[in-house]
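The values are calculated or read from the model by the stated rules, or taken from the named source; none is laboratory data. Note that this is a predicted model, so its numbers are computed, not measured. Positions of Cβ are generated from backbone atoms using ideal geometry, with glycine treated the same way; all protein chains shown enter the neighbour counts. Side chains are part of the model used for accessible areas, which takes the heavy atoms of the whole protein and leaves out ligands, DNA and RNA. Shrake-Rupley method; radii C 1.70, N 1.55, O 1.52, S 1.80 Å.
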Amino acid sequence: MKYTLIFLLILVAVVSGALSAVASGVSVPWRQLFGGVKTTEQQVMSGIKAAQGYRLQLFAENVPGARWLAITRSGDILVSQPKKGQISLLSPDRNGDGQADNQRVLIDNLNRPHGLALHENWLYIAEGNAVGRVPLDHSDGRLAGSYQRILENLEDSGHWTKTIEMGPDGWLYLSSGSSCNVCIEKDPRRATIMRMRPDGSNFKILATGLRNSVGFDWSPKDGGLYATDNGRDWLGDNLPPDELNLIRPDNFYGWPYAYGDRVPDPDFIDDENPTVKEMIAASVAPVHEFAAHNAPLGIRFLRSPEQLKNYRGAALVALHGSWNRSVKDGYKVVSLHWDESGNISERDFLWGFLSEDRTEVSGRPVAIAEDNQGKIYISDDYAGAIYQLSPSNVPSTPTVLPTRVANNVEKKPPAIDSDAVREGKTLYQSHDCAHCHQQQVPLRDLNKKYSLDSLANYFDAPTPPMPKYDFSDQQKKALAHYLLSLEALR
């Protein structure tokens, strides 16, 4: 299977150097697999540039795997951390140093929490397989009751992230990506945007054919619901385009049969089924196309009157960055601007996470939030950071920050269980990893980067593009034993 290759690519991510020597069309930001510990704040911040008129600051520097953002009425910033199974709370900057005054875990023991939404006195959380809510006291940022799930039994294979937003109509909206690269889904809730009442009732699929719409928001100008969408992989460096779609009830947006402006997908181009042709013809084209494989995630329309005039009503989109291109691309935040005719133009808003030669990555933006003072917050799951941009009359000046001390990882070789090694080897072979890898790039330095437990735990929430495999605890440990045993044999 195609994703078997992805599985191996992530396993060999411990190897320094480009994968392009092994498989064309792949250039993965490897350091994310180690938590970004080799990237210091000074290295990150010294190269980042912001749009003229915005001042950039590093708001928080130690938020590993930071993904979605929400801001309470008191100004506290909530951040989801799927790999840690928790939501953290960052206190606003009240002492004027430009950084969060405090950071603490608000709720944990969740199943890969991703999307966050605030409505009345509830905090809504989209886990990998469920949606839940918990009472929140906005005045002091404390939970005021127990967490309860309102929607369960969601599938979480493949594109496992779930995003939720509270719509202006009082309905709770939920997106769920596909289980695969290209396939016909068995679960109708996959590759869709759905909605429900705030208590989970009246659940309905709103729109379909959306391969992976991680971010969506409503325009303050026309009230339209706009969603980003990540196109399929393995069609080369420049196809298909990623998309921005205007979501309307009961519309079909093409996946898996077509991409872009009703371009038939190669996997279905010879399909003579008239239903497929009819679905392609009836599919809705995107209102804007991003460069292929740039991976647009979060989108946020700027509403504050404090924003610079040219940005009021514009949308910011986080381009997480490519992996399925031979040359890296994306890794920035762009702004989208609508003219009076509805045409959309795209400009760089926050950039510099990708080196000029496009080989090194220092950050991967994910989500965007705006507070009532016009301050913009952007999460980065690569550097484990939250950036703050404030409207200003002067261009942004990079902030010089101290070097982060790398996380301590157990360096001594773990005790290897021979029975577990045999089981792990069987797992490795059953996924046909050796065939995809072609045994050209050996795994190196695993013992320097992982303990037995941390390598096993990695498989709970693997870094995209690797999908989640439903390994048992025993299988995860066995695979970790096997991979570490390869190191011990050298």
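Quick look at the numbers
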| item | result |
| --- | --- |
| Filtered residues of the range 244-259 (kept if under 20 Å from the mean Cα position of the chain (by Cα) and open to solvent by 10 Å² or more (accessible area, probe 1.4 Å)) | TRP255 |
| Matching residues, the range 301-356, being over 23 Å from the mean Cα position of the chain (by Cα) and among the basic types (Lys, Arg) | ARG303, LYS309, ARG312 |
| ILE193 being hydrophobic (A, V, I, L, M, F, W, C), over 23 Å from THR72 (Cα atoms), surrounded by 16 or more Cβ atoms within 10 Å (Cβ to Cβ) and touching a strand residue (DSSP E or B) at 6+ places or on another chain (Cβ under 8 Å) | yes |
| Leading residue by the ranking (farthest from CYS180 (Cα to Cα)) among those in the range 209-228 that are surrounded by fewer than 24 Cβ atoms within 10 Å (Cβ to Cβ), in contact with a Lys or Arg (Cβ under 9 Å, 6 or more places away or on another chain) and of a type outside the set (Asp, Glu) | PRO220 |
| Identity of the residue in the range 138-184, among the small types (Gly, Ala, Ser), open to solvent by less than 20 Å² (accessible area, probe 1.4 Å) and part of a loop (DSSP other than H, G, I, E, B), that ends up nearest to PHE301 (Cα to Cα) | GLY167 |
| Within the range 275-311, tally of residues that are not in a loop (DSSP other than H, G, I, E, B) and not β-branched (Val, Ile, Thr) | 16 |
| Hits in the range 330-348 (condition: open to solvent by less than 30 Å² (accessible area, probe 1.4 Å) and either farther than 14 Å from ASN294 by Cβ or in a loop (DSSP other than H, G, I, E, B) (or both)) | GLY330, TYR331, SER335, HIS337 |
| GLY35 open to solvent by 40 Å² or more (accessible area, probe 1.4 Å), modelled with pLDDT under 95 and either under 28 Å from LEU336 (Cβ atoms) or not β-branched (Val, Ile, Thr) (or both) | yes |
